[in-house]
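See below for the structure under consideration.
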Amino acid sequence: MDIGLSLGQNKHMASSVDGFSKWTKSEKIKWVVDTYASDPQAVTSLLEAYWHPDPQTQQLHDEFIENTLTNFYLPFGVAPNFLIDGVSYTLPMVIEESSVVAAASKSAKYWASRGGFHTRIMGTDKIGQVHFTRSGSPKETQQFFDRIKPLLLQSVAPLVANMEKRGGGIRSIALVDKTQDLPDYYQLFVRFGTADAMGANFINSCLEQLAQTLKAEDPSLTVVMSILSNYVPDCTVRSEVSCPVEDLGGVEGMSAEAFAEKIKQAVDIARVEPYRAVTHNKGIMNGIDAVVLATGNDFRAIEAGVHAYAAKDGRYTSLTHCSIEDGVFKFWIEVPLSLGTVGGLTQLHPLVKWSLEMLGTPSAQQLMGIVAAAGLAQNWAAVQSLVTTGIQKGHMKMHLLNILNQLGADQQEKAAMVEYFKTHTVQYQGVVQALEDYRKKQ
Ligand code: MEV
């Protein structure tokens with residue numbers, strides 16, 4: 001195979017390639033660095049430096065996806081002191097944003113001393129659809145569906161048998177007439193229980209079988225596609241913290257009552273104002289995604305479902321809510337979370353396995369409660385900073401090490417700068433100046 005020939009002449013010109021996926025890993029690396037790197041040797045060394053030292057573990061990672069060249073590191077941190085339904089947890093979090101883990105930990109500790117987080121599972125139904133077109137009247141299609149429904153269920157019986165033993169299976173199957181929206185368009189709308197699995201493969205396999213049976217019963221109809229939905233408004237969890245208003249304590253010169261009111265105002269603004277709601281919810285997702293990633297779940301599915309849920313009433317709104325009634329402050333989140341603690345990466349990725357062990361090998365429903373608490377904690381931390389000191393103070397304090405690393409500070413310089421910035425405001429130019437001054441003095 002002649003790889004690399006005639007490459008590298010113009011590193012910025014897009015290059016196309018045939019049969020790439022069949023090449024060996026080193027052939028792929030050679031082609032990529034020859035084509036795109038200004039210093040191929042240095043980039044090859046960089047890619048190799050991020051390989052796992054144990055070849056078997058590296059191969060495991062290589063095989064998660066296609067065309068793996070190396071690993072992409074993200075920090076794996078922990079947030080201790082989460083009291084959730086009376087159980088104390090340390091949450092694994094995978095995230096690059098500097099202040100997130102610190103904020104989660106701070107909130108967790110704050111609420112642990114006020115009773116902790118309380119979870120309610122509101123539902124666990126997941127949805128899948130077979131989208132098809134069929135000519136004729138909707139009434140006749142309904143009669144057709146009523147007639148073949150037992151056959152549909154019978155055809156997936158072997159696929160659902162195992163899931164039924166675990167408490168899941170098909171919960172309902174209905175015909176939805178969408179002919180008002182698109183000519184001849186119908187759906188099989190199927191509700192699934194997937195026990196402790198996220199269930200994507202199970203759902204999609206069932207749907208494809210249902211589609212085959214549907215087509216076999218009426219070859220004149222057209223199956224367009226069969227796929228689960230990541231919109232899961234009936235697979236939701238509520239997590240709540242609450243305490244008497246006076247137990248919130250005074251913050252930054254504000255009385256507990258004034259602090260409670262200001263938090264509520266901020267949450268109410270996110271409820272009525274979409275520009276704010278998006279950022280408010282982004283802060284929530286800082287916590288949710290970090291635990292979702294650490295536990296090997298699909299954060300894109302979670303993100304898609306959560307934001308659709310936030311807009312379910314026709315206007316994008318806050319996922320968290322706040323009330324002050326009879327002297328009691330309540331703060332809660334309601335969020336759709338389709339999570340798994342078996343299947344997928346959970347038994348494969350060594351750090352995912354460890355994350356789940358650290359969480360006490362939770363069921364999917366317990367994990368829903370844990371993840372929702374992470375989101376609520378994150379939102380509490382953000383909103384309470386926003387309505388008191390502002391976000392930059394804490395954020396820049398955590399970002400200080402990033403700036404110092406960028407400036408090539410050594411350990412001694414970092415320690416000196418961290419000390420200095422305990423009493424000074426962190427801001428990029430200020431750090432540059434302070435480090436320069438410190439270096440001059442050494
Ligand atoms: C930053 O990642 C998240 C925040 O902007 C969230 C918020 O404003 O509520 C701080």
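The values are calculated or read from the model by the stated rules, or taken from the named source; none is laboratory data. Only a predicted model underlies this, so the values are computations on that prediction, with no experimental measurement involved. When we count neighbours, we look across all protein chains shown, and the Cβ atoms used for this are built from the backbone with ideal geometry, even at glycine. The accessibility values were calculated without ligands, DNA or RNA, using every heavy atom of the protein model including side chains. Shrake-Rupley method; radii C 1.70, N 1.55, O 1.52, S 1.80 Å.
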Under 10 Å, Cα contacts only: if you run a Gaussian network model on the chain, which one of SER135, SER98, SER239 comes out with the highest mean-square fluctuation?
SER135
Dipole of the chain, positive end: most advanced residue of ALA310, VAL291, ALA216 [Cβ charges, Cα centre]
ALA310
Size of the stretch 337-442 along its principal axes in angstrom, Cα-based, largest extent first?
57, 35, 18
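If the only charges are +1 at each Lys and Arg Cβ and -1 at each Asp and Glu Cβ, what is the size of the charge dipole of the chain around the Cα centre, to the nearest 20 debye?
Values: 38 positive and 46 negative charges, 69 e Å.
Rounded to the nearest 20 debye, it is 340 debye.
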Pulled fully out, how much extra length does the chain show between ALA102 and ASP85, if you take 0.36 nm times their separation in residues and subtract their Cα-Cα distance?
3.9 nm
So with the 1.4 Å probe, I'd like the accessible area per residue for the chain, rounded to whole Å².
51
Cut-off 11 Å, label 7 Å out along Cα→Cβ of PHE64, residues of the stretch 340-356 by amide N
345-346, 348-353
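What length, rounded to one decimal in nm, is gained on full extension from ALA161 through to PHE189, with 0.36 nm per residue of separation minus their alpha-carbon distance?
Separation in residues times 0.36 nm, less the Cα-Cα distance, equals 8.1 nm.
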With Cα springs under 10 Å, the Gaussian network model of the chain assigns the largest mean-square fluctuation among GLY327, GLY369, GLY123 to GLY327
Please give the contour-minus-distance gain from ASP234 to LYS25: 0.36 nm per residue of separation, less the Cα-Cα distance, rounded to one decimal in nm.
70.9 nm
Taking 7 Å along the Cα-to-C-beta vector as the label spot, tell me the LYS312-GLN347 distance in nanometres, rounded to one decimal.
3.2
Karplus-derived HN-Hα couplings along the stretch 367-375 (A = 6.51, B = -1.76, C = 1.60, θ = phi - 60°), whole Hz, x at Gly and Pro
5, 4, x, 5, 5, 4, 4, 4, x
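Given the alpha-carbon gyration tensor of the stretch 297-393, what are the semi-axes of its equivalent ellipsoid in whole angstrom, ordered largest first, with each equal to the square root of 5 times an eigenvalue? It would help to have the intermediate numbers written out before the result.
Values: eigenvalues 164, 60, 40 Å².
The three semi-axes for the stretch 297-393 are 29, 17, 14 Å.
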Report the calculated FRET efficiency for ILE227 and GLU357 (r = Cβ-Cβ distance, R0 = 35 Å), to the nearest 0.05.
0.60
On average over all directions, what projected area in square nanometres does the stretch 394-441 have, based on the convex hull of its Cα atoms?
2.9
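Computing the accessible area with a 1.4 Å probe over protein heavy atoms, can you report the carbon and sulfur percentage for the chain?
Values: 12140 of 22540 Å².
Carbon-and-sulfur percentage of accessible area, whole number: 54.
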Mind checking the log10 I(q)/I(0) for the stretch 126-228 at q = 0.12, 0.19, 0.22 Å⁻¹? Debye, one equal scatterer per Cα, no solvent, two decimals.
-0.37, -0.87, -1.12
For the stretch 237-330, what Kirkwood radius comes out of the mean inverse Cα-Cα distance, in Å?
14.7
When the helices in the chain are scored as -39500 (n - 2.57) per DSSP H run of 4 or longer and the sum is shared across all residues, what 222 nm value do you end up with, to the nearest 500 deg cm²/dmol?
-15500 deg cm²/dmol
Distances longer than 37 Å among the Cα atoms of the chain: what percent of all pairs is that?
43
GNM of the chain, Cα pairs under 10 angstrom: of HIS424, HIS131, HIS321, the biggest fluctuation goes to HIS424
Counted charge near GLU413, where neighbours are those whose Cβ lies closer than 14 Å (Asp, Glu -1; Lys, Arg +1)
0
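As an exercise, use a Förster radius of 45 Å and the Cβ-Cβ distance of VAL418 and ASP326 to find the FRET efficiency, rounded to the nearest 0.05. The partial results should precede the final answer.
Details: r = 45 Å, r/R0 = 0.99.
Efficiency computed from Cβ-Cβ geometry: 0.50.
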How large is the translational diffusion coefficient of the stretch 127-173 in µm² per second when you combine the Kirkwood radius over alpha carbon pairs with Stokes-Einstein at 20 °C and 1.002 mPa s?
172
In whole Hz and in residue order, list the ³J(HN,Hα) couplings for the stretch 378-386 that follow from phi through the Karplus curve 6.51 cos²θ - 1.76 cosθ + 1.60, θ = phi - 60°; x for Gly and Pro.
5, 5, 4, 4, 5, 5, 5, 5, 4
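Based on the Cβ-Cβ distance of ASP410 and ASN204, what FRET efficiency does E = 1/(1 + (r/R0)^6) give at R0 = 60 Å, to the nearest 0.05?
Details: r = 53 Å, r/R0 = 0.88.
Result of the calculation: an efficiency of 0.70.
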